[in-house]
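I'd like to ask you about the structure that follows.
The values are calculated or read from the model by the stated rules, or taken from the named source; none is laboratory data. The structure presented is a predicted model; accordingly, all values stated were derived computationally and were not measured. Neighbour counts run over all protein chains shown; Cβ positions are idealised from the backbone, glycine included. SASA here: full protein model, heavy atoms, side chains in, ligands and nucleic acids out. Shrake-Rupley method; radii C 1.70, N 1.55, O 1.52, S 1.80 Å.
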Amino acid sequence: NLEKQKGNLINSISISFEFFPPKNEESITRLLSDINEFTTLNPSFISITCSPHKKTTNHTYKLIKKIKEQNRIHTVPHVTCINHKKKELKTIAKKYWKNGVKSILALRGDKIKNSNSNTMYAIDLINILKTTGNFNVYVAAYPEVHPEAKNPTFDLLNLKNKFLAGANSAITQFFFNAETYLRFRDKCSKIGIYNDIIPGILPIVDIQQLKRFSSMTNVNIPIKIFKLLDNLTPNSIQFNIISSYITNSIIDVLYREGVRKFHFYTLNKLYLAHSIAYILKMKNFSEK
Ligand code: FAD
């Protein structure tokens, strides 16, 4: 049965997509319809970011509920703990569990200037989740080291401890050098981490925005990328073709090195992530 065989082969690559909750109803409706188009790619899950600001936590929950109702895709809310009390986090976890959301990306969240952030870490949130329900927990990992980490070894041990506390898989910060991820994957297995470390792939939609992101995250952007994109208008055809070439080149190396799970940061700009993920799924089929 060729069709069935074809389906199985395409499915052996697992892709997932990250979106953020839009601010108004009109954009939410548009996003839901766009997400519908992603279902043709059979994503493993769609994750929805969560602002570290307490006031907006409910935006993630509302969007997750809508996606579940309308698109029936497996959804993964991000939950941050830095601006919440333990009791509040327990309530959030219970609400998700009760509504059939059984996977969560557990994060500390970024510190907000001039706010009374607590001293919680992602590991504390994992403990809360695991005592509330048997959640499938994703966590963040940093191939180029988290900017606040005391040193790279400390950061790697923090990741290992998140797994020891019950996390199931990690999704990495974005990176633009495939070797960076591969070296990190090696370091993880050297210290006894055997869980999935899913590479976070960021198709570039705006080079100025990327410069801001990288200064906040310590992510290195190779000069070559600036040379290729700096003088092009974001969202122009030329920009998108070159940006897609850059991301596909990274994915090619990862794929050759055996990576089969990919998480796309879409920044709610769907066309690039969609077409890159489409090529990725087809690649698997055409190479068999
Ligand atoms: P942790 O794992 O708790 O680590 C935070 C820092 O503290 C690290 O430097 C670690 O080495 C250090 N550390 C850990 N334990 C200790 C300790 N006991 N003593 C001293 N230092 C310690 N942010 C959002 O606000 N919303 C989102 O939706 C969101 N989504 C993300 C998705 C992905 C895939 C990734 C990679 C990041 C995302 N972030 C998001 C960003 C993330 O919240 C920040 O990077 C945050 O600063 C750290 O979160 P963490 O869960 O990695 O923290």
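Which one of Pro43, His59, Ser27 is farthest out on the positive end of the charge dipole of the stretch 13-70, using unit charges on Cβ (Lys, Arg +1; Asp, Glu -1) and the Cα centre as origin?
Looking along the dipole axis, the top candidate is His59.
When the Karplus curve 6.51 cos²θ - 1.76 cosθ + 1.60 is applied with θ = phi - 60°, which whole-Hz ³J(HN,Hα) does each residue of the stretch 159-172 get, with x for Gly and Pro?
Listing the rounded values in order: 5, 4, 5, 5, 5, 5, 7, x, 4, 9, 9, 10, 10, 8 Hz.
Quick one: net charge of Thr266's neighbours, Cβ under 14 Å, K/R +1, D/E -1?
-2
What residues have an amide H closer than 5 Å to that of Ser103, excluding those fewer than 5 places away on the same chain, when H is modeled at 1.01 Å from N in the peptide plane?
Result for Ser103 returns Asn136.
How large is ³J(HN,Hα) for each residue in the stretch 248-259, as worked out from phi by the Karplus curve 6.51 cos²θ - 1.76 cosθ + 1.60 (θ = phi - 60°), to whole Hz, x for Gly and Pro?
Whole-Hz 3J(HN,Hα) from phi for the stretch 248-259: 4, 5, 5, 4, 4, 5, 4, 4, 4, 8, x, 6.
Under a Cβ-only charge scheme (Lys and Arg +1, Asp and Glu -1), can you give me the dipole magnitude of the chain about the Cα centre, in debye to the nearest 20? Intermediate values should be presented prior to the final figure.
On the way: 41 positive and 21 negative charges, 209 e Å.
Taking the Cα centre of the chain as origin, the dipole is about 1000 debye.
On to the next question. Just the number, please: carbon plus sulfur as a percent of the accessible area of the chain, 1.4 Å probe, no ligands or DNA/RNA counted.
Whole-percent figure for carbon plus sulfur exposure: 51.
A further question follows. Could you list which residues have their amide H under 5 Å from that of Ile201, counting only those 5 or more apart in sequence or on another chain, with H placed in the peptide plane?
His263, Phe264, Tyr265
When the Karplus curve 6.51 cos²θ - 1.76 cosθ + 1.60 is applied with θ = phi - 60°, which whole-Hz ³J(HN,Hα) does each residue of the stretch 47-63 get, with x for Gly and Pro?
Karplus values, whole Hz, x for Gly and Pro: 10, 10, 5, 9, 5, x, 6, 3, 4, 9, 4, 5, 4, 5, 4, 4, 5.
Taking +1 at the Cβ of each Lys and Arg and -1 at the Cβ of each Asp and Glu, which of Tyr142, Asn218, Gln238 sits farthest along the dipole of the stretch 121-278 towards its positive end, judged by Cα position relative to the Cα centre?
Tyr142
Something else now. Considering all alpha-carbon pairs of the stretch 172-262, what whole percent are spaced by more than 19 angstrom? Before the final figure, lay out the partial values.
Values: 1731 of 4095 pairs.
Considering the stretch 172-262, 42 percent of its Cα-Cα pairs are separated by more than 19 Å.
Rounded to the nearest whole Å², what accessible area per residue is found for the chain with the 1.4 Å probe?
Numbers: 14960 Å² over 288 residues.
Dividing the accessible area of the chain by its residue count gives 52 Å².
Now for a different question. Any chance you could get the radius of gyration and Dmax over the Cα atoms of the stretch 239-284, in Å?
Rg, Dmax (Cα atoms, Å): 10.3, 29.
Right, here's the next one. Beyond 33 Å, what share of the Cα-Cα pairs of the chain is found? Please give it as a whole percent. Kindly include the intermediate steps, with their values, before the conclusion.
Details: 8617 of 41328 pairs.
When all Cα pairs of the chain are counted, 21 percent exceed 33 Å.
Another question, if that's okay. I need the fraction of alpha carbon pairs in the stretch 22-68 separated by more than 11 Å, rounded to a whole percent.
When every Cα pair of the stretch 22-68 is considered, 71 percent fall beyond 11 Å.
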